[in-house]
Structure formats: structure tokens, C-alpha cells
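Participant: Here you go, one structure.
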Amino acid sequence: ASPVVTDSRMKAFIDSGTGKKLDTGRTKPEQVIKSAHRFLGTPHCMGGITERCMDCSGLTYASFAEHKIELPRRSQDQARYGRIITDRSALRRGDLVFFTLSYNTADYITHVGIFLGNNRFIHASTSSGVIITPLDNPWWNQRFVFGTRLFQ
């Protein structure tokens, strides 16, 4: 088994509730991705959800909200929705990707982005704001936990 699956914090997180359904209506992943792209270059600030500044879960929250899809505000809570995908090669455009240990907190899930395909994801980084980063970037690669599929 991969180290992610045997991780006791991962097991505890999954045991405390995942796989919740999210009503995405008729929205397609491409529409949410297009919304997220509009925020490219937006500076980072904790708690932000607007073009002025946003954090990682603010980006996903705002990108889905534009399509009347209600994601929770925090990445730890967003990770409880959709089907968990631990195999990176199975990720599809529009899946959410989650990371741990990106900053010091008691939360297991500390970062979220939207998978774009071609091994890339869009997210709000503390240093560069909303950017596109390769999933195999050394910093993010070792912190990747799983993806979730919200769209059927």
C-alpha cells in the first residue's frame, strides 16, 4: 500500500467522514476551471474569497460559488466531499487536490487546488497568490494526500 493510505492521520480523517455528496447540478468541470482561471494573479491572504485577495480554499469556494455550488469554506471540510482518488494517474480535470503539512495547524488537510490535467493544478499559494503549479513540484509532491471527484 502507498504510504498515504497507511498514514494514521489519513485513516483518522477518512474515518471521521468523507465521500459526502455535493450537488453540482448541470455545471461542468470546465466551467469551474474557467472561473478559477479568472483569479490567476490574485494575491494571497488568509480568509480571502475575492479578486482583492484569497486563500487556497477561498479560490475553490469562489470558483464553485459562481455556479451556485456550495462548497464548505475550509479545505479540511472541502476534502470531505466527493469520491476520494489516491491514484494521481486517475485524476481528471476539475477534481480537487488536497495536501497536508503546508503550514502549522492541527488540521490534517491544509491546502487545496483544482486539478487541470497534464500534472498541473491551480491554487492560491502564500508566496505567489493564485498560480498554476505542477503536481510533481517537490514541495507539493511530498505533501499531496488525495484528490476528490465532485463531478460524475
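The values are calculated or read from the model by the stated rules, or taken from the named source; none is laboratory data. Everything numeric here is computed off the predicted structure, so don't read it as measured data. Every residue, glycine as well, gets a Cβ built from its backbone with ideal geometry; the counts of neighbours run over all protein chains shown. The accessibility values were calculated without ligands, DNA or RNA, using every heavy atom of the protein model including side chains. Shrake-Rupley method; radii C 1.70, N 1.55, O 1.52, S 1.80 Å.
Participant: Which value, in Å², gives the accessible area per residue of region 1-148 when a 1.4 Å probe is used on the protein heavy atoms?
Facilitator: 51 Å²
Participant: Report the relative contact order of region 1-149, percent, no decimals, based on alpha-carbon pairs under 8 angstrom and at least 6 residues apart.
Facilitator: 26 percent
Participant: Report in % the part of the accessible area of region 1-122 that belongs to carbon and sulfur, leaving out ligands and nucleic acids; probe 1.4 Å.
Facilitator: 51 percent
Participant: Could you work out the relative contact order of region 78-147, using alpha carbon pairs under 8 angstrom and six or more residues apart, expressed as a whole percent?
Facilitator: Across region 78-147, relative contact order equals 34 percent.
Participant: Calculated FRET efficiency, N141 and R93, Cβ-Cβ r, R0 22 Å, to nearest 0.05?
Facilitator: 0.70
Participant: Just the number, please: percent antiparallel of the DSSP beta bridges in the chain, rounded to the nearest 5.
Facilitator: Of those bridges, close to 90 percent are antiparallel.
Participant: Tell me which cysteines of the chain come out unpaired when the rule is another cysteine's Cβ under 4.7 Å.
Facilitator: Here C56 come out as lacking a disulfide-compatible partner, given the Cβ-Cβ threshold of under 4.7 Å.
Participant: Compute the length gained on full extension between K34 and A65: take 0.36 nm times their separation in residues and subtract their Cα-Cα distance, giving the result in nm to one decimal.
Facilitator: Contour length minus the Cα-Cα distance gives 9.9 nm.
Participant: Given the Cα atoms of region 57-111, and with Rh set as the inverse mean 1/r over their pairs in the Kirkwood sense, what is Rg to Rh to two decimals?
Facilitator: Computed over Cα atoms, the ratio is 0.97.
Participant: Also, I was wondering about something else. Test of understanding: what is the full-extension gain from K21 to D7, defined as 0.36 nm times their sequence separation minus their Cα-Cα distance?
Facilitator: Length difference between fully extended and current span is 2.6 nm.
Participant: To continue, here is another question. When a/c reaches 1.5 or more, the comparison of a/b and b/c decides; with that in mind, is the chain rounded, prolate or oblate per its Cα gyration tensor? Kindly include the intermediate steps, with their values, before the conclusion.
Facilitator: On the way: a/c = 1.43, a/b = 1.21, b/c = 1.18.
Rounded, since a/c falls under 1.5.
Participant: On to the next question. Work out how much length T50 to N118 would gain on full extension: take 0.36 nm times their residue separation and subtract the Cα-Cα distance, in nm to one decimal.
Facilitator: Using 0.36 nm per residue and subtracting the Cα-Cα distance, I get 21.8 nm.
Participant: Next question. Name the longest site-free stretch of the chain, where the excluded sites are trypsin sites (Lys or Arg not before Pro) in a DSSP loop with no more than 11 other beta-carbon atoms within 10 Å.
Facilitator: Counting only loop sites that pass the neighbour cut-off, the longest clear stretch is 69-152.
Participant: Hey, can you grab everything whose amide H is under 5 Å from the amide H of I85? Only 5+ residues off in sequence or another chain; H modelled, so Pro and N-termini drop out.
Facilitator: It is G147, T148, R149, by chain and number.
Participant: Under 5 Å between amide H atoms, partner at least 5 residues away or on a different chain: which partners does M54 have, H built in plane at 1.01 Å?
Facilitator: H44, C45
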